[in-house]
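The next block holds one structure in the form of structure tokens; read it before the comments.
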Amino acid sequence: NLLIKTQLKTDDFYLRPMDLIYAMAEGNYVMFYIRTGDRVEKKLKRISISELESQLAHLPYILRTHRSYLVNTNQISHISGNAQGYKLVIKGVEEKISVSRNMIARFNEHMK
């Protein structure tokens, strides 16, 4: 388990990085989508997406795909889209995750 340090000491929490599906920026907060068994749990924490990205930088399977998203690439079940941008489909999650145009090259390199 990895201690995620947030902007509020009382909000710090432990995360099993393998269980993270994705994280989405919401203003000064990040909504974490975490797989617990066959359910998806949401946690809203006060941390910037950039700060989270730097805390998870040592994990090769966590990738920034868009200015608002960090994705666990192990959780991707399907990729659709074109050079204008991809959409990632994740098992058990309705929302499609965006890969922005300027992130596509890095994303493709990573997914090889």
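In debye, nearest 20: dipole of the range 7-61 around its Cα centre with unit charges on the Cβ of K, R (+) and D, E (-)?
140 debye
Once both labels are modelled 7 Å past Cα along the beta-carbon direction, what's the residue 95-residue 111 spacing in nm?
That separation, rounded to one decimal, is 1.9 nm.
Regarding the chain, what whole-number volume in Å³ per residue does the convex hull of its Cα atoms give?
101 Å³
Of 5/96; 9/42; 45/91, which pairs sit farther than 21 Å apart, going by alpha carbon to alpha carbon?
Over 21 Å Cα-Cα: 5/96; 45/91.
Compute the convex hull volume of the Cα atoms of the range 28-89, divide it by the residue count, and report the result per residue in Å³ as a whole number.
103 Å³
If you average the sequence gap of Cα pairs under 8 Å that are 6 or more apart and divide by the length of the chain, what percent do you get for the contact order?
18 percent.
Bear in mind these aren't lab numbers, they're just calculated from the coordinates by the rules spelled out. Owing to the predicted nature of the structure, the values given are computational and were not obtained by experimental measurement. Don't worry about glycine lacking a Cβ; one is built from the backbone with ideal geometry, like all the others, and counts go over all protein chains shown.
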